[in-house]
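Okay, structure first, notes after.
Just so you know, all these numbers are worked out from the coordinates, no wet-lab data involved. It should be emphasised that the depicted structure is a prediction, and the values quoted were computed from it without experimental measurement. Neighbour counts are summed over all protein chains in view; Cβ atoms, including those assigned to glycine, are modelled from backbone coordinates with ideal geometry.
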């Protein structure tokens with residue numbers, strides 16, 4: 001054991017030159033970096049040039065990224081914050097001077113420099129900054145008051161105030177079609193303005209232009225139907241509500257009036273976009289018009305409609321319920337008030353024709369259609385409506401049309 005320690009502590013045998021070592025301990029460890037080329041130190045000028053080349057590469061990459069963002073249109077309306085400038089855009093440094101001591105002839109300010117991405121420099125994906133303040137110079141060279149430049153978006157939203165109006169509105173005002181029909185015809189290319197086809201919605205034209213309609217539009221409009229129905233009590237005029245069915249459910253082949261001789265078969269297309277024009281409440285009966293023609297709907301229920309609607313109204317006196325001769329209990333002043341002088345919802349009612357049909361039935365002829373108008377008018381003068389029936393709209397009368405049945409409006413009939 002002692003001999004092993006002595007052997008391990010002995011120095012390795014030095015081999016003679018040209019001979020391999022006798023033991024593993026005779027090998028010398030290699031010197032790290034003995035074969036490497038010594039590193040050359042950069043001069044100050046070379047270091048400065050390397051930094052400028054790196055900054056130029058970074059600026060090129062930043063510009064390329066900004067151009068790609070513009071091409072994608074990700075933030076095409078954004079603007080850089082005030083005072084930011086792009087990388088590599090270093091202004092030439094001159095002797096430091098006090099800017100406050102300079103007069104109006106001083107050089108351009110930092111914010112006035114131009115940049116390929118905006119008026120203030122920077123990158124297009126930066127948050128929007130307020131528009132720069134514009135300084136106006138007077139004739140004597142002094143600085144004027146600063147004004148804020150208007151936002152371009154607000155200027156773009158303002159509609160041109162040159163007297164032009166939308167083509168569809170002009171067609172509706174001239175009675176050529178309803179607004180919805182006008183938009184459909186414009187999309188189809190059936191409308192000409194001063195001889196040129198206009199097929200773009202929202203086109204604005206002068207009020208005195210010449211508008212012509214292609215005959216194809218008239219043919220399509222002629223295919224739209226209008227249906228007259230004798231509505232019973234218990235049906236609503238429009239969409240189903242409170243569990244009550246709309247009167248349109250009665251428009252079936254078996255409910256068609258036998259005396260309707262128009263050679264037209266009912267199809268599913270006739271039931272599409274069939275809208276009531278002049279409603280009747282659920283407790284009323286009589287003539288109900290449902291149409292696909294926008295011109296007829298506008299003529300019947302438009303704001304400027306003057307078509308007469310005639311009603312037969314059975315009433316009783318609130319003070320004398322059950323009296324048979326109601327006309328003897330109602331003073332003439334009541335009829336005068338019903339004819340003109342009443343208000344509903346704070347608005348004066350138009351003049352109406354009101355007269356006695358018999359001892360308990362009044363005849364109303366109106367040129368407007370407020371909600372439950374006749375019932376509310378009678379309540380104002382102490383009368384209670386027991387029954388209400390519409391018998392005429394314009395020149396179209398209910399006639400002999402049976403209750404719960406319907407017929408087509410003939411081509412020779414006009415409201």
Compute the length gained on full extension between residue 64 and residue 264: take 0.36 nm times their separation in residues and subtract their Cα-Cα distance, giving the result in nm to one decimal.
65.1 nm
Relative contact order of the range 191-324: what whole-number percent is it, with Cα pairs under 8 angstrom and at least 6 residues apart?
23
What is the range 165-222's relative contact order, in percent, from Cα pairs under 8 angstrom and six or more apart in sequence?
33
What Kirkwood Rh does the range 165-222 have if only Cα atoms enter the pairwise 1/r average? Answer in Å.
11.0
18 Å reach of a label modelled at residue 379, 7 Å along Cα-to-Cβ, counting backbone N of the range 318-348:
318-321, 338, 342-348
Which ordering of 165, 186 is given by a fewest-first count of other beta-carbon atoms within 10 Å?
165, 186
With contacts defined as alpha carbon pairs under 8 Å and 6 or more residues apart, what's the relative contact order of the range 273-386 in percent?
28
Let's test this: bin the Cα-Cα distances of the range 308-393 at 10 Å from zero up to the farthest pair and state each bin's percent.
18, 57, 24, 1
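Assuming R0 = 60 Å, what is the FRET efficiency of residue 71 and residue 328, from their Cβ-Cβ distance, to the nearest 0.05?
Numbers: r = 88 Å, r/R0 = 1.47.
Here the calculated transfer efficiency is 0.10.
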What distance in nm separates the simple spin-label points at residue 239 and residue 49, each placed 7 Å from Cα in the Cβ direction?
8.0
Return 415, 364 ranked ascending by Cβ neighbour count within 10 Å, so the fewest neighbours appear first.
415, 364
